[in-house]
Amino acid sequence: MLAGPADFPGIAARAAQLRAAIDEANTRYYVLDAPTLSDAEYDRLLRELQDIEATYPELVMPDSPTQRVGATPLKAFSEVAHVIPMLSLNNAFSEAEVAAFDRRVREGLEQDDKVIEYAVEPKFDGLAVALHYQRGVFVQGATRGDGFSGEDVSANLRTIHAIPMRLAMRNPPEWLEVRGEVLMLRRDFVRLNEIALEKGEKIFVNPRNAAAGSLRQLDPKMTAQRRLSFFAYGVGRVQGFELPDTHAAVMDRLAEMRLPVSSERAVVSGVDGLMRYFEALGARREVLPFDIDGAVYKVNRLADQAALGFVSRAPRFAIAHKYPAQEEVTQVEGIDVQVGRTGALTPVARLKPVFVGGVTVTNATLHNEDEVRRKDVRVGDSVIVRRAGDVIPEVVGVVLERRPMLDLVTPEYPPFSMPVTCPECGAPVVRLDGEAAARCSNGLSCPAQRKQALIHFASRRAMDIEGLGDKLVDQLVDKGLLQTPADLYRLEQAQLAGLERMADRSAENLLQAIEASRGRELARFIFALGIRNVGEQTAKDLARHFGNLDALAAADESALQQVSDVGPVVAASMRAFFSEPHNQSVIKRLRLAGAWKDGEARANVAGELLGKTFVLTGTLPNLSRDAAKALIEAQGGKVAGSVSKKTDYVVAGAEPGSKFTKAQELGIRILDETTFLDLINGGGNK
């Protein structure tokens, strides 16, 4: 609650403090490309200032952040005035606020008893721009800037392939201003940072920051090297063109002009429709190719938009409904080191609990020693933590301005150093040339590696031993009942029944699951061994090529590299594994237990599908994806996840998506279920 009139001087001082903090955050984000506040912190400061100014209108200043949209344009770019201001949107954070927005719309239109139709679309997390087309030809583009004037970034916008230089229409208008968002797709963001790391350059915190920094490069050649995307979300100034009656129809017309528009847009009715869209979009948020931070709701009829009009900094006919923040700022209370299945040491930040991405986060990965040093994360630091969906929380940056200091130049805490001995077993830690991870040198004799190796061995896509979870493995290893995977096949019911939370029935079920795992296919057994760099698909390729484990274990690096996708690194890992006497002993015991069954080598079997690459897309009428994959692999083929020039066939069902389109563009043969089965059975035209 705000204080009463007696505290007015303190409230005025707080408003001034908030204005200064928000202005500083705007400068660092939009001008310097060096953000120090998370989205959630910025929103809280702005909402607090809005509340103060709503209660005390006399504190509203002309230069308040609530009265303008963005930041001052850089002097390096010429200024472009917006004939129609590019205003931002007010935000809603709850269903109650969405309902209040709908009520204001109905009251403003004097339609209290009607259900309003809304156009809805994702709230892109990028940089707003205006594209100007004169008689259908792109002539100028500008950033939003402060909403009334922005920066002329025409040369940089021309490098974005998604933006057409000429509109696809027969009779283009005299003037059309298209408004939209420049952003960086997630895959392009990952690649940009990979290249930056290779060159030892600064990496970006998130795709939005990368897009803003890339678009505002003084040299267009630099912008062209960073793959940016664009999505239109509306229009501004229009001359010589009659707009349709609704926003949704406007977006359809823009799409017809070959301007990129979101396929996630829709038209809904009332608050119930808005909330259903918000929840459905949120459920798909992590699989979208770009970042979003909410949904945008706009009254669909343009006449109603005009009737509702604007407040000082935002339209009355639209609002942004934001998802819980995926980034927050918290403090590092300590840095621990965890040991993984392959012995890799991973530094993990212990954090002051913070609510981010819908959960309370207390730990976040720091990945490896190089990442900790590059980010210079120290105990006591305030850090930006990011969590998206089910992704493990990570520290993406340090807020250096908040670092605890002994004096003006000396940090209170020293830089982090990776331990020289394993925190689990005390063995020496080594780091091989060309590897980012430091590793414990003790192999399966290290308890941490032993536990993780056993959990992997029992996992569903490996030996599939149901009921052998993390906590049970911890007990079995700690009590000395399990040293290697081979010990699983010697466990007795009396040993299991004495463990915590293991009654006779549970023990019996686990023993049955272990018994059922005997005789697994060779590919699953190879994968279960947990050989470094050998994933599920590589294990299948190896089993198909060699046919039995003895041939695989005896193969030298040259022979191993004859297998598809096995290069020098994978071959070296395998030779190191099969040359280790301890591993040889474990495999011998697993053979006596009948853990796997050898097959027949298929690499030398004649057949036109051998070595062919398939891609599956869409829903087949009768076959599940796993069933289709099994048929392909049984014939010596391989299933890939994406379409490329190396793809031989694409098997397409209902609603096939972008893989189908790309296959058409590349001229790859596309099969439906019937022709696919004909091919598998030898009756198709190969």
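Observations on the model:
- Sole residue being of a type in the set (A, V, I, L, M), over 29 Å from the mean Cα position of the chain (by Cα) and part of a loop (DSSP other than H, G, I, E, B), chosen from 162, 168: 168
- Only one of 152, 113 that is more than 28 Å from residue 263 (Cβ to Cβ) and over 33 Å from the mean Cα position of the chain (by Cα): 113
- Of all residues in the stretch 264-292 being in a helix (DSSP H, G or I) and either basic (Lys, Arg) or outside the structural domain of residue 126 (by TED's automatic domain parsing) (or both), the one that is farthest from residue 387 (Cα to Cα): 276
- Of note, residue 599 satisfies the criterion of being assigned to a loop (DSSP other than H, G, I, E, B) and touching a strand residue (DSSP E or B) at 6+ places or on another chain (Cβ under 8 Å).
- Tally of residues being in contact with a strand residue (DSSP E or B) (Cβ under 8 Å, 6 or more places away or on another chain), hydrophobic (A, V, I, L, M, F, W, C) and surrounded by fewer than 18 Cβ atoms within 10 Å (Cβ to Cβ) across the stretch 615-638: 0
- Applying the condition of being under 24 Å from residue 135 (Cα atoms), part of a loop (DSSP other than H, G, I, E, B) and not acidic (Asp, Glu) to the stretch 205-258 and asking which residue is farthest from the chain's Cα centre (by Cα) yields 240.
- Restricting 150, 145 to residues that are in a loop (DSSP other than H, G, I, E, B) and at pLDDT below 95 narrows the list to 145.
- Residue tally, condition of a type in the set (Ser, Thr, Tyr) and farther than 30 Å from residue 294 by Cα, over the stretch 326-345: 1
- Residue within the stretch 276-284 that is surrounded by 13 or more Cβ atoms within 10 Å (Cβ to Cβ), among the hydroxyl-bearing types (Ser, Thr, Tyr), modelled with pLDDT under 95 and under 25 Å from the mean Cα position of the chain (by Cα) present: no
- Residue match in the stretch 521-530 (condition: assigned to a loop (DSSP other than H, G, I, E, B), over 26 Å from residue 426 (Cβ atoms), of a type outside the set (Val, Ile, Thr) and over 31 Å from the mean Cα position of the chain (by Cα)): no
- Screening the candidates 512, 537 for the property of being of a type outside the set (Gly, Ala, Ser) and at pLDDT 90 or above yields one hit, 512.
- Taking the listed residues 482, 510, 476, 496, the one that is surrounded by 17 or more Cβ atoms within 10 Å (Cβ to Cβ), in contact with a Ser or Thr (Cβ under 8 Å, 6 or more places away or on another chain) and either assigned by TED's automatic domain parsing to the domain that holds residue 453 or free of Cβ contacts under 8 Å to residues at least 24 places away in the same chain (or both) is 496, with no other qualifying.
The values are calculated or read from the model by the stated rules, or taken from the named source; none is laboratory data. Bear in mind the structure is a predicted one, so any value in this text is a computation, not a measurement. Counting neighbours? That spans all protein chains shown, and the Cβs are built from the backbone with ideal geometry, glycine included.
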